[in-house]
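Okay, structure first, notes after.
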Amino acid sequence: MAAVRDLKATEMAASGGDDAIELGKRHLIQPWPHAGSVGAEARALIGEGDGIYITDSTGKRLIDGPAGMWCVNVGHRREELARVMYEQAMALSYNTPWYTMNAPSAELAMRIAGHAPGDLSHVFYTTGGSSAVETALRFMQFYNNVRGWPEKKLILSRGGAYHGSTYLSASLNGRPRDRDWMDGAEELVIKLSSPDPFRRPQGMGLAAFTDFLVDQFRDTVARVGADKIGAFVGEPVQASGGVVIPPDGYLKRIREICRDNDILYVSDEVVTGFGRLGHVFASGDVFGIDPDMITFAKGVTSGYFPLGGVIISERLLQELRRSNHPDAMFGHGLTYTSHPVGCAVALKNLDLLEESVLAHTRAVAPYFQAQLKTLEELPLVGEVRGAGLMGCVECVADRESKNPLQLDKDVGKRIDAHCHELGLLVRPLINMCVMSPPLIITREQINDMVGILREGISRTMDDLRKEGVWRG
């Protein structure tokens with residue numbers, strides 16, 4: 001295995017990755033492309049990963065600041081996970097979930113349920129986060145149909161949210177750029193304000209802002225009618241929205257309104273689950289809520305295999321089993337539901353998390369947050385915020401107006417380009433830089449990461465001044 005890897009790395013180094021880049025331009029459609037470059041674009045070519053580092057096609061070693069896509073939680077090149085993939089594939093590579101099952105999926109469901117809050121005790125597996133959210137919403141529709149509430153189907157979502165790329169999950173997304181040119185099930189979704197304290201109205205305190213959000217939610221339920229609303233879907237921390245941490249008490253109060261009005265609370269933990277905030281799930285352990293469903297993906301296998309799922313409340317399942325429609329079928333499933341290789345990898349990944357990675361994350365998270373916070377000394381930085389091992393640096397034209405629009409819209413990409421040159425990969429989001437490194441990162445590596453990010457922001461400030469875009 002190592003010999004094959006070294007051979008491929010040698011071949012790539014010899015060509016500088018030119019062959020793969022050319023093939024990508026000719027044959028590969030990248031995700032989230034623009035019409036002007038769709039099907040004719042190549043992106044930065046990554047050849048190897050090791051621990052918290054990746055190596056690009058030029059041989060440059062980079063800190064993997066986003067941990068892939070919020071997912072490489074236990075780090076790259078974990079031999080334990082690679083070995084499990086091989087061993088499970090040699091034992092059983094696949095079984096149809098329509099009329100058979102496999103042992104790893106059953107054991108993993110038991111282990112996951114043991115970490116879930118409240119009475120969330122049953123798991124339906126999917127292939128990723130989008131299909132997990134889609135499954136939760138289809139289950140809500142089925143649940144209300146069986147109960148005799150076919151009109152109770154509307155979904156509450158929020159500004160700044162990101163819940164996926166499938167048709168129904170993408171309809172929940174609250175970022176305009178996700179929907180500008182794409183269709184969605186707009187008639188099924190009601191959008192509420194983002195719970196972003198940094199963007200609250202000027203002069204409004206945090207307590208008043210929380211009351212505003214809760215009142216808006218309650219008023220919407222009253223106006224639309226609880227008999228029409230089937231679910232609320234919310235991330236405990238809005239990840240792709242810019243690591244938005246809701247104000248204290250907000251999630252608990254929303255949960256109470258949902259419970260009082262028979263609205264299913266779906267906690268989207270595709271990003272926050274499996275260690276990102278130091279626990280397997282953040283809903284209960286960090287935010288003190290017990291949702292009706294939790295969606296997960298990404299960190300469940302640390303990105304080594306596509307796997308996701310939904311954990312569902314025992315109460316909901318009991319209601320269905322007691323219904324007057326015992327033959328009603330939840331007509332939903334995927335070819336790769338309960339995939340034995342994915343579930344085996346997830347079991348070993350969970351072993352690693354439980355043995356040391358979760359405790360390490362809780363130990364280094366305060367240092368990570370404190371070091372990132374020092375970047376607020378830079379005049380381009382409006383706010384640094386985060387929780388656990390996820391953080392966001394938001395850049396603004398000036399701190400008084402908090403206006404990002406007067407800046408070059410690609411300021412995040414500018415910072416990322418400088419950081420790439422210096423040895424760090426950043427997740428740029430317009431005027432923001434998001435960091436969510438592998439959970440095994442050390443204090444020394446945090447110092448390196450923040451030092452490079454500081455220099456990347458400083459160089460970007462110099463560029464903006466020279467171009468007359470910014471005077472800070």
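The values are calculated or read from the model by the stated rules, or taken from the named source; none is laboratory data. None of the values given here were measured: they were computed from a predicted structure. In this analysis, Cβ positions are derived from the backbone assuming ideal geometry, glycine residues included, and neighbour counts consider all displayed protein chains.
In table form, for the structure just shown:
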| read-out | value |
| --- | --- |
| Wholly within the range 22-69, strands (runs of 3 or more DSSP E) carrying at least 3 residues that are modelled with pLDDT of 95 or more and not polar (S, T, N, Q) | 46-50, 61-64 |
| Filtered residue count, the range 398-416, keeping only those that are touching a residue at least 24 places away in the same chain (Cβ under 8 Å) and touching a strand residue (DSSP E or B) at 6+ places or on another chain (Cβ under 9 Å) | 8 |
| Residue pairs meeting the criteria (Cβ under 6 Å; at least 6 apart or on separate chains; first free of Cβ contacts under 8 Å to residues at least 24 places away in the same chain, in the range 85-109; second outside any loop (DSSP other than H, G, I, E, B)) | Ala109/Val123 |
| Residues satisfying the stated conditions in the range 106-148, i.e. basic (Lys, Arg) and farther than 23 Å from Ile229 by Cβ | Arg111 |
| Subset tally (residues that are more than 20 Å from Ala328 (Cα to Cα), surrounded by fewer than 18 Cβ atoms within 10 Å (Cβ to Cβ) and touching a Gly at 6+ places or on another chain (Cβ under 8 Å)) for the range 90-147 | 1 |
| Pair list, Cβ < 8 Å and 6+ apart or interchain, from the range 309-320 residues that are farther than 19 Å from Gly299 by Cα to residues that are of a type in the set (Val, Ile, Thr) and outside any strand (DSSP E or B) | Leu320/Val146 |
| Any hit, the range 244-257, residues being within 23 Å of Ser169 (Cβ to Cβ) and assigned to a loop (DSSP other than H, G, I, E, B) | yes |
| Residue in the range 374-390 that is at pLDDT below 95 and of a type in the set (Asp, Glu) present | no |
| Search result, residues across the range 428-454 that are farther than 19 Å from Gly382 by Cβ and among the charged types (D, E, K, R) | Arg443, Glu444, Asp448 |
| Any hit, the range 152-170, residues being under 28 Å from Cys343 (Cβ atoms) and touching a His at 6+ places or on another chain (Cβ under 9 Å) | yes |
| Pair list, Cβ < 6 Å and 6+ apart or interchain, from the range 249-278 residues that are within 30 Å of Pro66 (Cβ to Cβ) to residues that are among the basic types (Lys, Arg) | Tyr265/Arg255; Val270/Lys298; Gly278/Arg362 |
| Test: residue in the range 342-361 that is in contact with a helix residue (DSSP H, G or I) (Cβ under 9 Å, 6 or more places away or on another chain) and over 20 Å from Glu80 (Cα atoms) | no |
| Number of positions in the range 193-220 that are surrounded by fewer than 20 Cβ atoms within 10 Å (Cβ to Cβ) and closer than 24 Å to Lys152 by Cβ | 7 |
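For every residue, the table says whether it meets (1) in a loop (DSSP other than H, G, I, E, B); (2) of a type in the set (A, V, I, L, M, F, W, C); (3) in the same structural domain as Gln141 (by TED's automatic domain parsing).
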| residue | (1), (2), (3) |
| --- | --- |
| Thr272 | yes, no, yes |
| His279 | yes, no, yes |
| Gly284 | no, no, yes |
| Gly299 | no, no, yes |
| Tyr304 | yes, no, yes |
| Ile312 | no, yes, yes |
| Gly333 | yes, no, yes |
| Val345 | no, yes, no |
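Here is a yes/no grid of residues against (1) in contact with a Pro (Cβ under 9 Å, 6 or more places away or on another chain); (2) aromatic (Phe, Trp, Tyr); (3) on the phi > 0 side of the Ramachandran plot; (4) modelled with pLDDT of 95 or more:
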| site | (1), (2), (3), (4) |
| --- | --- |
| Arg223 | no, no, no, yes |
| Ala226 | no, no, no, yes |
| Ala231 | no, no, no, yes |
| Pro236 | yes, no, no, yes |
| Val243 | no, no, yes, yes |
| Pro247 | yes, no, no, yes |
| Leu251 | yes, no, no, yes |
